[in-house]
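To start, the structure itself, in structure tokens.
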Amino acid sequence: MSTSISDYAIATIGSHTALQILKGARDEGFRTIAIITPEIRPVFESFPVADELIEIPSFADYFSIEEELVKKNAIVIPHGSFVSYVGVEEIATKMKAMYYGSRGILRWESDRSMERQWLQKAGLNLPRVFTKPEEIDCPVIVKFHGAKGGFGYFIAKSPAEFYERIKEFPGQNDYAIQEYIVGVPMYVHYFYSALTGELEIMSFDKRYESNADSIGRIAAKDQIESGIRTSYTITGNIPIVVRESMLPMFFKIGQDVINTSKLEGAPKGLFGPFCLEGIIDPNLNFRVFEISARIVAGTNPYIEGSPYTALRYKEPMSTGRRLAREIKQAIEAGRLEELLG
Ligand code: AMP
């Protein structure tokens, strides 16, 4: 394998965190490729982060151009939209292009019960889960599998209320019932270097969700009278700086997740960017309801770096750029293979 970054390109699908990833890769000196659809073209013509645009009719057609990526020696960076359009199984079994990260981990992350097993092993404080609606004895949030961006989740307080609300989703049997945690949402963005074994906190965010984040603008009486249902559809991300005394806890749980990540089918474990998603209750317990084992969109506000990366780096360091720097250092040290899953 070549040890010169000019022999490689960084490529990803033009959505989610693609702007940040490609800008970061460019700032580190890489040639960049955006895989786009006709609707997305204007975005990439306006924001000049890609040296090359490869157009496909839909992101689901990724495999029709993969050969081209292989010829260009492109390293593909997975993000949320990439995983959802290309598919976990296809990535694990069919993908031929160089893939940054551990494909085996994707399987653990995308299956709710495997994910829970992993996070339990790491000792995290998880919300209770209910295997049967009859067990509901506290407020719960019901999440449909594969629900795009939190759309359609609902809250119930009893089995009766659950059965009443589920009527609105005929034929949908694939859901998870989780204890609803009252507190503030918090998403922690980490980067774990497979090269140095160091864990970094890059930034924090919360999501801006419709209509959950605007229900408080209506009086409770009007909410009840108009029968408003809460939904959690993501529309954007809001930066957060956390209470500094919570940082040791965030470092510890991030490390615990890394330490337990050499899971079956994922011998290299988790490395690169990842995110723990949870709610902080009034007693400052961080109740984790999900892990994303890849870059998350909550890092997008920090294209010019975050207050935390400013403490560690002299230049603006986004998560996308951090990732490109890791790849660059691996290439130059002849260790790229270690970052490819
Ligand atoms: P998710 O799709 O699991 O990332 O959840 C979407 C949104 O639902 C989150 O951003 C939270 O606002 C909310 N949420 C998810 N799980 C819980 C929970 N266990 N307790 C309270 N709110 C939650």
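Inside the range 257-267, can you point out the residues that are modelled with pLDDT of 95 or more and surrounded by fewer than 20 Cβ atoms within 10 Å (Cβ to Cβ)?
Selection gives Ile258, Asn259, Thr260, Lys262.
Pick from the range 158-194 the residues that are in a loop (DSSP other than H, G, I, E, B) and touching an Asp or Glu at 6+ places or on another chain (Cβ under 9 Å): which of them is nearest to Thr309 (Cα to Cα)?
Ser193
Scan Glu168, Glu198 and give me the residue that is of a type outside the set (Lys, Arg), free of Cβ contacts under 8 Å to residues at least 24 places away in the same chain and assigned by TED's automatic domain parsing to the domain that holds Gly278. Let's see the steps before the verdict.
Working: Glu168 fails: assigned by TED's automatic domain parsing to the domain that holds Gly278.
Unique residue meeting the criteria: Glu198.
Given the conditions (1) more than 10 Å from the ligand (Cβ to nearest atom); (2) closer than 26 Å to Asn259 by Cβ; (3) not hydroxyl-bearing (Ser, Thr, Tyr), and given that Phe154 satisfies all but one, which numbered condition is not satisfied?
The number of the failed condition is (2).
Being closer than 19 Å to Glu304 by Cβ and basic (Lys, Arg) narrows it down to one residue among Arg31, Arg26, Arg41; which is it?
Arg26
Within the range 171-191, is even one residue at negative phi, in the same structural domain as Arg312 (by TED's automatic domain parsing) and touching a Leu at 6+ places or on another chain (Cβ under 7 Å)?
Scanning the range 171-191 turns up at least one residue that is at negative phi, in the same structural domain as Arg312 (by TED's automatic domain parsing) and touching a Leu at 6+ places or on another chain (Cβ under 7 Å).
Quick one: which helices (runs of 4 or more DSSP H) sit completely within the range 1-96 and have at least 2 residues that are surrounded by 16 or more Cβ atoms within 10 Å (Cβ to Cβ), basic (Lys, Arg) and modelled with pLDDT of 95 or more?
18-27
Find the strands (runs of 3 or more DSSP E) located wholly in the range 225-331 whose residues include 2 or more that are within 14 Å of the ligand (Cβ to nearest atom) and of a type in the set (Phe, Trp, Tyr), and list them. It would help to see each step written out before you state the result.
Values: elements: 232-240, 272-280, 286-292.
By residue number, 286-292.
For the condition surrounded by 13 or more Cβ atoms within 10 Å (Cβ to Cβ), modelled with pLDDT of 90 or more and among the hydrophobic types (A, V, I, L, M, F, W, C), what is the one hit in Ala212, Ala160?
Details: Ala160 fails: surrounded by 13 or more Cβ atoms within 10 Å (Cβ to Cβ).
After applying the criteria, what remains is Ala212.
Output the qualifying pairs, or none if there are none: Cβ atoms under 6 angstrom, residues six or more apart or on different chains, first residue in the range 175-189 and farther than 16 Å from Ile280 by Cα, second residue modelled with pLDDT under 95 and near the ligand (Cβ under 7 Å from one of its atoms).
That search, which allows pairs on different chains as well, returns Ala176/Lys143.
Conditions (1) of a type in the set (D, E, K, R); (2) in a helix (DSSP H, G or I); (3) more than 10 Å from the ligand (Cβ to nearest atom), marked per residue:
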residue	(1), (2), (3)
Gly197	no, no, yes
Asp205	yes, no, yes
Ser210	no, no, yes
Asp213	yes, no, no
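Say we look at the range 215-224 and pick out the residues that are more than 16 Å from the ligand (Cβ to nearest atom) and exposed (fewer than 13 other Cβ atoms within 10 Å of the Cβ); which of these is nearest to the chain's Cα centre (by Cα)?
The initial filter retains those residues of the range 215-224 that are more than 16 Å from the ligand (Cβ to nearest atom), namely 217-224.
Filter once more, so that each one left must be exposed (fewer than 13 other Cβ atoms within 10 Å of the Cβ): 217, 219-222, 224.
On the way: Arg217: 29, Ala219: 34, Ala220: 33, Lys221: 36, Asp222: 35, Ile224: 34 Å.
Step by step, filter the range 215-224, then rank; the result is Arg217.
Are any of the residues in the range 243-256 touching a Cys at 6+ places or on another chain (Cβ under 9 Å) and modelled with pLDDT of 95 or more? Give the derivation first.
At the first step, the residues of the range 243-256 found to be touching a Cys at 6+ places or on another chain (Cβ under 9 Å) are none.
No, the range 243-256 contains no residue that is touching a Cys at 6+ places or on another chain (Cβ under 9 Å) and modelled with pLDDT of 95 or more.
The values are calculated or read from the model by the stated rules, or taken from the named source; none is laboratory data. Everything quoted here is computed from the prediction, not taken from an experiment. Heads up, the Cβs are rebuilt from the backbone with ideal geometry, glycines too, and the neighbour counts pull from every protein chain shown.
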